[in-house]
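Step one of this worksheet: look at the structure below.
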Amino acid sequence: MWVYIEQVGGQVADVSLELLSKGRELADTLKVKLGGMLLGEGVEPLTKKLFSFGCDKVYVVEHPLLKRYETIPYAKAAAELIRKENPQIVIYGASAIGRDLAPRIASTIRAGLTADCTDLEIGDHEDPVTKEVHKDLLYQIRPAFGGNIIATIVNTHGWPQMATVREGVMAMPDGNNGHQGTVVRFRPELTIKDVFLKLLSEERKEHTVNLKAARIIVSGGSGVGSKANFKHVYELAGVLGAAVGASRAAVDKGFIEKAHQVGQTGTTVRPALYIALGISGQVQHRAGMDESAKIIAVNKDPDAPIFSIAHYGIVGDLNEVVPMMVKAIRKRV
Ligand code: FAD
């Protein structure tokens, strides 16, 4: 059971740590070891952290041509290692890098790949035609048809079974469990001919919105009405020390930037408190926030679907309700 460990500049991506928690669970179910596949140059010191997040073995693939992420050399090196070790399962974060790398590896080694899973489980599968039973397959679970059904996909045609998994859907494990593991070093056969790009300069823009790390999120939807009226969302978020989220409709209407979008094609969040203002609660929005510990919804339509998952619902006009909430919170702090 392997997890691709994504690192940029020596920083392990959060999604890889999230996947180690799921990977640990799957490895224990299968009674196999949990391996991390770590590519780069000078990355071996990261193995200590990976052991503490549950890895039993870390395959360290180092080469000067892997200093920076680039599709072809990374895919070639990873495919070489996978061919050598023949893991049963390999999972990747559905990040920009994971979405680029995993399909390239899949096509190189002729493996299947399910993109953008929201859950993974182990189970048996009976072929409906041949009645052959395949034991202990990876159930690759993801929304399909615009989020209207949840599909479970299996690969009965050989190893490795591969999937990319959305960021933020698996819980972030506690990384201090004193777990120990072993390092397996692998030197890939790469030459300069495998590098097709010349990097002229690097421009970095830091994320200004970190929804995944927020304990409280106040999200506005199309019901907020305008960009100017998003001041209500910001004001409530301000008094609560919360991050600001949004529905896709609010983003599409230009009320707020895409980086704030929560949902199937936005960020998946699981804060302690999620407040939905003027959001109807369509399945694609709910897919990104229904794991929140507490949900409060404000909507003027008593039949809005958001109320079916809200712990507290306020039926009313957000233009009246939010200022009252802000006033009440200010009085208490
Ligand atoms: P609406 O559905 O228009 O709802 C607005 C709500 O505001 C209504 O319930 C209304 O009663 C209420 N309202 C209006 N005025 C007020 C007021 N003054 N006070 C209180 N309440 C008021 N959506 C996402 O959010 N995230 C995604 O990631 C996402 N991905 C998608 C992917 C696909 C493939 C598809 C097909 C769709 C996706 N969508 C996504 C879109 C989704 O289907 C909905 O269209 C969207 O979530 C609706 O946003 P909304 O609730 O803000 O708007």
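The values are calculated or read from the model by the stated rules, or taken from the named source; none is laboratory data. Since the model is a prediction, treat every value here as computed from it, not as a measurement. Heads up, the Cβs are rebuilt from the backbone with ideal geometry, glycines too, and the neighbour counts pull from every protein chain shown.
Residues considered: Leu38, Leu34. Of these, the only one that is surrounded by 19 or more Cβ atoms within 10 Å (Cβ to Cβ) and more than 27 Å from Gly123 (Cα to Cα) is Leu38. In the set (1) modelled with pLDDT of 95 or more; (2) assigned to a helix (DSSP H, G or I); (3) surrounded by fewer than 21 Cβ atoms within 10 Å (Cβ to Cβ), Met325 fails one condition alone, (3).
Which ones in the stretch 148-203 are more than 30 Å from Lys131 (Cα to Cα) and small (Gly, Ala, Ser)? Within the stretch 148-203, Gly168, Ala171, Gly175, Gly178, Gly181, Ser201 qualify.
Residues in the stretch 37-77 that are assigned to a loop (DSSP other than H, G, I, E, B) and among the hydroxyl-bearing types (Ser, Thr, Tyr): Tyr69 only. For the stretch 175-185, the count of residues that are at pLDDT 90 or above, farther than 25 Å from Glu62 by Cβ and out of contact with any Cys (no Cβ under 6 Å at 6 or more places or on another chain) is zero. Only a single item in (1) among the charged types (D, E, K, R); (2) surrounded by fewer than 16 Cβ atoms within 10 Å (Cβ to Cβ); (3) within 20 Å of Glu25 (Cα to Cα); (4) in contact (Cβ under 8 Å) with a residue 40 or more places away in the chain is not met by Asp116, and it is number (2). Looking at Gly98, Gly54 in this structure, which one is at positive phi and surrounded by 21 or more Cβ atoms within 10 Å (Cβ to Cβ)? Every option except Gly54 fails the conditions. Looking for something under 30 Å from Asp116 (Cβ atoms), near the ligand (Cβ under 9 Å from one of its atoms) and either exposed (fewer than 15 other Cβ atoms within 10 Å of the Cβ) or of a type outside the set (A, V, I, L, M, F, W, C) (or both) - is there at least one such residue anywhere in the stretch 296-307? There is at least one residue in the stretch 296-307 that is under 30 Å from Asp116 (Cβ atoms), near the ligand (Cβ under 9 Å from one of its atoms) and either exposed (fewer than 15 other Cβ atoms within 10 Å of the Cβ) or of a type outside the set (A, V, I, L, M, F, W, C) (or both). In the stretch 319-327, the count of residues that are within 12 Å of the ligand (Cβ to nearest atom) and among the basic types (Lys, Arg) is zero.
Contact annotation: residue pairs with Cβ atoms under 8 Å, 6 or more positions apart or on different chains, pairing a residue in the stretch 1-22 that is without any contact (Cβ under 8 Å) to a residue 40 or more places away in the chain with a partner that is charged (D, E, K, R), are Val12/Glu6; Val12/Lys49. Screening Val12, Val43, Val3 for residues that are over 21 Å from the mean Cα position of the chain (by Cα), among the aliphatic types (A, V, I, L, M) and either farther than 18 Å from Glu167 by Cα or at pLDDT 95 or above (or both) leaves exactly one candidate, Val43.
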